[in-house]
Each structure stands twice: as structure tokens, then as C-alpha cells.
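As C-alpha cells, the structure follows; a few thoughts come after it.
The values are calculated or read from the model by the stated rules, or taken from the named source; none is laboratory data. Here the structure is a predicted model, which means the values were calculated and not measured. Quick reminder, even Gly has a Cβ in these numbers, built from the backbone with ideal geometry, and neighbours come from all protein chains shown. When the accessible area is computed, the model is the full protein with side chains, heavy atoms only, and any ligands, DNA or RNA have been set aside. Shrake-Rupley method; radii C 1.70, N 1.55, O 1.52, S 1.80 Å.
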Amino acid sequence: STPLPITLRLFQRDCQTSGSEGEDMKSVPYAPEVSSLRYAMVATRPDIAHVVGVVCKFLHNPNRPHWNAIKHVFRYLVGTKDHGILFGSNKNSSVVGYTDSDFVSCVDSRKSTTGYCFKLGNGAISLKSKLQECTATSTIEAEYAVASDTVKEALWLGWLAHTFQQVKSDSDSVLYNDS
């Protein structure tokens, strides 16, 4: 179960223009439902951050595929309502990060997505899913961009965890990347 099916791609060209599609979507509460998802994302469900960012891009002119994506997210939330993040009290933990990029994930802007998640012990302490500011011309360029952002975050989180004495002084942050 994932917040958004891996095969689903939402495009600007799918936005309704006029006619029966426009009339059909007027009765759909798209913006209020996106607001509900944003609240859930910020308050308790960081796992839906990426998909909320995607569906927010279509607030001005949604169509049926966009609405179906929102319904899928709500089904995902219902199915995972018993999931949670657990924080332990292990002072020997180190900051562990996982990072990846998705080359040209936004077909409208041709930009890649940066994504990372950091854990301390068993709990996630920092995550990011965002379109990269530059347009990468290759997969390796997109991976370098995400690696740069992630290393900066790893250094800061390592310093912060050490400052609060949550890690041993000789432990290092560990970063996993698929490339």
C-alpha cells in the first residue's frame, strides 16, 4: 500500500478546460479535501508529503485523474491508520539517512524530485520530498543534487543530535543512497 500508485502520473494537460468535464468537477470538493490532506500531513502523517505536494499543483483546475488520486490517498490513510513512528531511548544510536532522486519526475517542468528521510533510533526526525531547483540533464546529475542536499542535512542533524547528547561522540551519521 502506497499513498500514490507508482504508475500514476498527473499532468497539467489533464486539467479540465470546459464543457461537461468542467461542470462535473464543480461539484467535487477538491480544494477542501486537499486542505484536509495538508493538515494530516503536517500534524501526523509525513508519509503523504510527496503526494500532497503533487495534488496541490492542480488546485486551480483539477480533473477526474487528480480527484481519483486524492481518493486513493484517503483509502491509504484508512488502511494505515494504526501505523506510527516510535521513538526509543537508545543513546548509542546514530543518525541514519536514506536518499534518492527521481529523474524528471515532473513531466510538466522536466524537474527531478529530491527525497530523503533521516532516523535517530527507530523514529524519523527529518524528511523531504521536493522538486529540485535546477533541471538535471541526466540521472547522475539528479543524484548529485540530492546527495548535496542530503549531506548538508546529515551534517546539521549529526551536530544537533550530538549537542543534545543523543549520540556517542565517536559515532558518525550514516547515509544510504541507491547510486
Sole exception among (1) modelled with pLDDT of 80 or more; (2) of a type in the set (A, V, I, L, M); (3) farther than 30 Å from residue 164 by Cα; (4) surrounded by fewer than 19 Cβ atoms within 10 Å (Cβ to Cβ) for residue 52, by number: (4)
Top-ranked residue of segment 141-177 - restricted to ones that are at pLDDT 80 or above and open to solvent by 80 Å² or more (accessible area, probe 1.4 Å), ranked as farthest from residue 55 (Cα to Cα): 159
Restricting segment 102-115 to residues that are open to solvent by less than 40 Å² (accessible area, probe 1.4 Å) and not β-branched (Val, Ile, Thr), the residue that is modelled with the lowest pLDDT: 106
Can you run down the residue pairs with Cβ atoms below 8 Å, 6 or more apart or on separate chains, where the first is in segment 156-177 and acidic (Asp, Glu) and the partner is open to solvent by less than 100 Å² (accessible area, probe 1.4 Å) and at pLDDT 75 or above? 172/94; 172/158
Of all residues in segment 11-33, how many are modelled with pLDDT under 75, assigned to a loop (DSSP other than H, G, I, E, B) and surrounded by 10 or more Cβ atoms within 10 Å (Cβ to Cβ)? 3
Candidates 87, 74, 118, filtered to the one that is touching a strand residue (DSSP E or B) at 6+ places or on another chain (Cβ under 8 Å), open to solvent by 60 Å² or more (accessible area, probe 1.4 Å) and either hydrophobic (A, V, I, L, M, F, W, C) or modelled with pLDDT under 80 (or both): 87
Identify all residues within segment 55-71 that are of a type in the set (S, T, N, Q) and either touching a Phe, Trp or Tyr at 6+ places or on another chain (Cβ under 9 Å) or surrounded by fewer than 14 Cβ atoms within 10 Å (Cβ to Cβ) (or both); write none if there are none. 68
